[in-house]
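Asks: Handing you this structure, nothing more for now.
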Amino acid sequence: MSGIYIHIPFCHKACLYCDFHFSTNLKNKKKLVDAICKEISCRKSYLENDTIKSIYFGGGTPSLLSLSELEQILSIVHANFIVDKKAELTFELNPEDAELNYLKGIKRLGINRLSVGLQSFNDEELKWMNRAHDVQQNFDCIKIAQQGGFDNISIDLIYGSKFQTPDTWNKALQTAFGLNVQHISSYNLTVENRTQLNHLIKEKKEKEVDSEISSQLFDILMEETARNGCTQYEISNFCNPGYMAIHNSNYWRGLSYLGIGPSAHSYNGVSRRFNVRSNTQYIQAIENNKPFYEEEILTANDKYNEYILTRLRTQWGCDIKEIKTFFGEKYAAYFLNQLEAYKQKNLIDIKQNTVTLSKQGKHFADGIASDLFYTK
Ligand code: SF4
């Protein structure tokens, strides 16, 4: 069971908070699609003929692809990999690109899940984020997607900006539930180094994100999604019964995936590969059969740390028996020893052999995970 991630590195505009790799210059789009297709066929042995259970078009903005470009990429995938008939094919869609014929077209090509970047239901906030759409386009987009026959839709929402209070966030969530979508991914606004937001904060033109308010908003998110029957299967991901994202779940469970396109990462249990984070360098390297990625062979510590980092964020948690079997007694003993402090503070729950974060612990997921890392 493996997945393929395909990164489409183009966007209409640069969002204030974004540190993903993308370009707003679409001049090289055709060349890049050709390079992506060449990379797919070059790397067909990476997953060792494993059946593909999920394909994820992320970015950037995949909805900047034309139907023929999407068809070109998908036909190369099918020619080089065994794709399960029931595979999940997710496509990230930006609201400004929602058009009925386009959505019907991508559905015909096999896309069966949409991930829509709504982000907010406040026009002033969307403008501040430098998003390329407004609230009305958010509503229209979901309606058009549903008319187009999509019944597995995820939306992205950001919390923690200066525009939000517990009250407005609660209202935004009720609006989201009213859209009748099956999945919500909701992330706290974080200030990454390479972003315009970070630049403005440094120049004192914007304030830091208020972590206390963010923490209150996260509690509201967990409470309201639960009240609406959603499962929080990962810290930032919530779904109706039966709508867990296969692609994301497999990533958190440590299954292999092949990342295609500039800046994409790949993982096969033995090594990690990082494609070059530049459209021009990627195209040139692929065209000239030159290396376009760096590779890191994972040590025993890396594998254990990766397991802790990803699994602790999920509802499946870390399994003590699994740690013993996969990594050995040394790691299991270390894990159990480090857990003690968190057990006393009620930040983790232990049931039989499984360790998960408590509701309070979910506020400190990254810190707890890094304390459980083995670095000797
Ligand atoms: S948040 Fe999405 S749409 Fe905005 S710049 Fe980043 S990748 Fe592009």
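Asks: What Kirkwood radius, in Å to one decimal, follows from the Cα pairs of region 6-131?
Replies: 15.6
Asks: Right, next: Just read off the accessible area of Cys230 with the full protein assembly in place, 1.4 Å probe, to the nearest 10 Å².
Replies: It works out to around 20 Å².
Asks: Given the pairs Lys303/Lys351; Lys13/Lys207; Lys29/Lys107; Lys53/Lys303; Lys30/Lys303; Lys171/Lys359, which span a C-alpha to C-alpha distance of over 27 angstrom in this model?
Replies: Result: Lys30/Lys303 exceed 27 Å.
Asks: Accessible area of Ile348, 1.4 Å probe, to the nearest 10 Å²?
Replies: Ile348 has an accessible surface of roughly 10 Å² with all protein chains in place.
Asks: Two decimals, Cα atoms only, Kirkwood Rh: what is Rg/Rh over region 69-158?
Replies: With Rg and the Kirkwood Rh in hand, the quotient comes to 1.04.
Asks: Follow-up question, since we're still on this one. Whenever you get a sec, line up Arg277, Arg194 from highest to lowest accessible area (probe 1.4 Å, protein heavy atoms).
Replies: Highest to lowest solvent-accessible surface, that is Arg194, Arg277.
Asks: Full extension from Asn228 to Thr354: what is 0.36 nm times the residue separation minus their Cα-Cα distance, to one decimal in nm?
Replies: 42.7 nm
Asks: For region 286-374, which trypsin sites (Lys or Arg not before Pro) are in a loop by DSSP, counting at most 13 other Cβ atoms within 10 Å?
Replies: Lys345
Asks: So if each residue of separation counts as 0.36 nm, and I subtract the Cα-Cα distance between Gln147 and Lys343, what length gain in nm does that give?
Replies: That pair, Gln147 and Lys343, stretches by 65.7 nm at full extension.
Asks: I want to check the label-to-label distance for Lys204 and Lys376. Put each point 7 Å from Cα in the C-beta direction and report it in nm to one decimal.
Replies: 4.8
Asks: Ok, one more. Write down the accessible area per residue of the chain in Å², having rolled a 1.4 Å probe over the full set of protein chains.
Replies: 47
Asks: Is any residue of region 334-376 close enough, with backbone N under 16 Å, to a label point placed 7 angstrom from the Cα of Tyr187 along the Cα-Cβ axis, and if so, which?
Replies: 366
Asks: Label Glu306 and Ala333 with points 7 Å out from Cα along Cα→Cβ: what is the distance between them in nm?
Replies: The answer from the label model is 2.6 nm.
Asks: Next question, about the same structure. What's the Cα-based Rg to Rh of the chain, Rh via Kirkwood?
Replies: 0.95
Asks: Here's a follow-up. I'd like the distance separating the alpha-carbon centroids of region 20-67 and region 97-168, in whole Å.
Replies: 22
Asks: For Phe91, what residues show an amide H to amide H distance below 5 Å, using hydrogens built from the backbone and excluding near sequence neighbours?
Replies: Phe57, Arg113, Leu114, Ser115
Asks: Now for a separate question. What accessible area, in Å² to the nearest ten, does a 1.4 Å probe give for Ser236?
Replies: Counting only protein heavy atoms, the figure is 10 Å².
Asks: On to the next question. Would you work out what percent of the accessible area of region 179-286, with all protein chains in place, is carbon or sulfur (probe 1.4 Å)?
Replies: 46
Asks: Given the DSSP H assignment, sum -39500 (n - 2.57) over each helix run of at least 4 residues in the chain and divide by its residue total; what's the result at 222 nm in deg cm²/dmol, nearest 500?
Replies: Roughly -12500 deg cm²/dmol at 222 nm, from the helical runs in the chain.
Asks: From the residues Gly328, Tyr307, Gln352, which one has its Cα farthest along the dipole of region 300-372 in the positive direction, the dipole being from +1 and -1 charges on Cβ of Lys/Arg and Asp/Glu about the Cα centre?
Replies: Gln352
Asks: If you don't mind, there's one more thing I want to ask. Could you tell me the extents of region 52-101's C-alpha atoms along the three principal axes, largest first, rounded to whole Å?
Replies: 33, 21, 18
The values are calculated or read from the model by the stated rules, or taken from the named source; none is laboratory data. Treat the numbers as computed from the prediction; the structure is a model and nothing was measured. A quick note on method: Cβ atoms are made from the backbone with ideal geometry, for glycine too, and the neighbour counts reach across all protein chains shown. Protein only, heavy atoms only, side chains kept; ligands, DNA and RNA dropped before computing areas. Shrake-Rupley method; radii C 1.70, N 1.55, O 1.52, S 1.80 Å.
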